[in-house]
Amino acid sequence: MKNSILISSVIFLMISCNTIKNNNVVEAEKVQIPLKLNNPIITDKYTADAAALVYNDKVYLYAGHDQAPDNVEGYRMHEWLAYSSSDMVNWEEHPVPLKPTDFSWASGSAWASQVIERNGKFYWYVTVEHGSIHGKAIGVAIADHPLGPFKDALGRALITNDMTTETKISWDDIDPTVWIDDDGQAYLYWGNTVCHYVKLKENMLEFDGPIETVELPNYTEAPWIHKKGDWYYLSYAYQFPEKIAYAMSKSVTGPWEFKGILNEVAGNSNTNHQAIIEFKGKDYFIYHNGSIPTHGGSFRRSVCVDRLYYNPDGTMKRVIMTSEGIQE
């Protein structure tokens with residue numbers, strides 16, 4: 001009897017491990033599920049220095065367009081690109097909304113930028129080369145819609161290299177990021193090697209006080225301000241090649257407490273430049289690397305997106321860069 005039970009069990013196991021097809025026992029067919037690789041999110045163009053705006057159940061992504069020819073070293077960016085998404089997975093490209101040539105006083109490349117909405121207007125803070133004042137400068141464009149058309153809001157630069165003298169380099173006035181606090185006060189942060197900030201008036205086009213500086217360990221560039229709960233976060237590019245580090249504060253003006261590395265060096269791009277947003281209840285970390293084959297790299301970069309997570313004490317967990325990216 002025990003032998004019969006044993007034989008029956010063996011037969012059951014053999015059948016359960018196979019499929020029956022045409023009355024014959026055959027080996028089960030293996031189903032291959034294709035792996036979805038959603039990073040980089042844009043693969044037909046090289047993109048970098050992305051900033052994101054959440055508005056009316058959409059995410060609007062603004063990025064510089066890396067246009068350096070293959071095997072050429074150096075940043076060549078002559079326009080900013082715009083994309084939108086309702087799910088962080090599928091991205092729609094829109095017509096080029098802005099170029100440095102849209103600023104009559106500017107020349108040179110389209111470096112990092114950010115768009116923010118206030119009172120139904122959209123303000124685009126951009127980095128360009130000034131045409132007559134030596135060095136990089138920050139200008140502002142304005143529109144009635146997040147996709148434009150945008151036009152120069154001032155007819156001149158908001159910030160020029162001669163306004164900041166803490167460092168002698170000509171590219172310290174770059175990478176603007178703007179934040180409107182809960183009380184309505186707006187702040188503009190920017191800078192390379194020195195992190196600057198200034199209050200803005202309600203019109204978003206004038207200073208509302210003196211330019212201040214922030215002391216941060218190994219600060220390089222790419223500041224980004226965001227808030228989660230009661231905490232303010234100032235993330236930035238750290239050292240070179242660039243990691244992303246961050247500090248926390250209970251105030252948008254500090255004092256800032258350094259918390260460490262948030263995102264490691266991409267490995268195939270010397271720079272990194274982050275945007276951090278919350279969208280439909282989830283948090284996202286937007287960055288770039290040089291992962292498009294065959295010519296991707298430090299001067300032909302690619303925007304990527306991965307999830308961001310917080311610890312119970314408000315600190316951020318280290319971002320894991322993935323090829324899979326956002327799946328749903």
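A few notes on this one:
- What the phi angles of segment 125-136 give under the Karplus curve with 6.51, -1.76 and 1.60, with θ = phi - 60°, is a coupling list of 8, 10, 9, 9, 8, 6, x, 10, 9, 4, x, 6 Hz, glycine and proline written as x.
- For segment 130-186, alpha-carbon Rg relative to the globular expectation (2.2 N^0.38 Å, N residues): 1.34
- Percent RCO, i.e. relative contact order, over segment 102-142, from Cα pairs under 8 Å lying at least 6 residues apart: 37 percent
- Average Cα contact separation per residue, segment 200-328, under 8 Å, 6 or more apart, as relative contact order %: 15 percent
- By the Kirkwood approach, averaging reciprocal distances over each pair of separate Cα atoms, segment 101-166 gets a hydrodynamic radius of 12.1 Å.
- Cβ-based net charge around Asn161, under 9 Å, with every Lys or Arg adding one and every Asp or Glu removing one: -2
- With the charge dipole of the chain set up from +1 on Lys and Arg Cβ and -1 on Asp and Glu Cβ about the Cα centre, the Cα lying farthest toward the positive end among the listed residues Val89, Ala112, Phe122 is that of Val89.
- Between amide H atoms placed 1.01 Å from N, distances below 5 Å from Leu200 occur with Ala186, Tyr187, Leu188, Asp208, all of them 5 or more places distant or on a separate chain.
- Ranked by the mean number of other Cβ atoms within 10 Å of their residues, highest first, the peptides 65-72, 49-56 come out as 49-56, 65-72.
- Dividing the convex hull volume of the alpha carbon atoms of segment 183-328 by its residue count gives 132 Å³ per residue.
- Mean separation of Cα contacts under 8 Å (6+ apart) over length of the chain, as relative contact order %: 15 percent
- Rounded to the nearest 20, the Cβ-based charge dipole of the chain about its Cα centre (Lys and Arg +1, Asp and Glu -1) stands at 980 debye.
- Listed residues Phe207, Ala48, Gly191: farthest to the positive end of the dipole of the chain (Cβ charges): Ala48
- Per-residue Karplus couplings for segment 137-152, computed as 6.51 cos²θ - 1.76 cosθ + 1.60 with θ equal to phi - 60°, are listed in order as 9, 10, x, 9, 10, 9, 8, 9, 9, x, 9, x, x, 9, 9, 4 Hz, Gly and Pro entered as x.
- Under 5 Å, built H, 5+ apart or other chain: amide partners of Arg118: Tyr123
- Karplus (6.51, -1.76, 1.60) ³J(HN,Hα), θ = phi - 60°, over segment 89-106, in Hz, Gly and Pro reported as x: 10, 9, 10, 9, 7, 10, x, 4, x, 6, 9, x, 5, 6, 10, 4, 8, 9
- Enclosed volume per residue, in Å³, of the convex hull spanned by Cα atoms of segment 45-195: 130 Å³
- Over segment 154-226, the pair-distance histogram of Cα-Cα distances with 5 Å bins from zero comes to 3, 16, 27, 27, 17, 8, 2, 0 percent, rounded to whole numbers.
Where a number appears in this text, it was derived from the coordinates with a stated rule and is not lab data. Keep in mind it's a predicted model, so treat the numbers as computed, not measured. In this analysis, Cβ positions are derived from the backbone assuming ideal geometry, glycine residues included, and neighbour counts consider all displayed protein chains.
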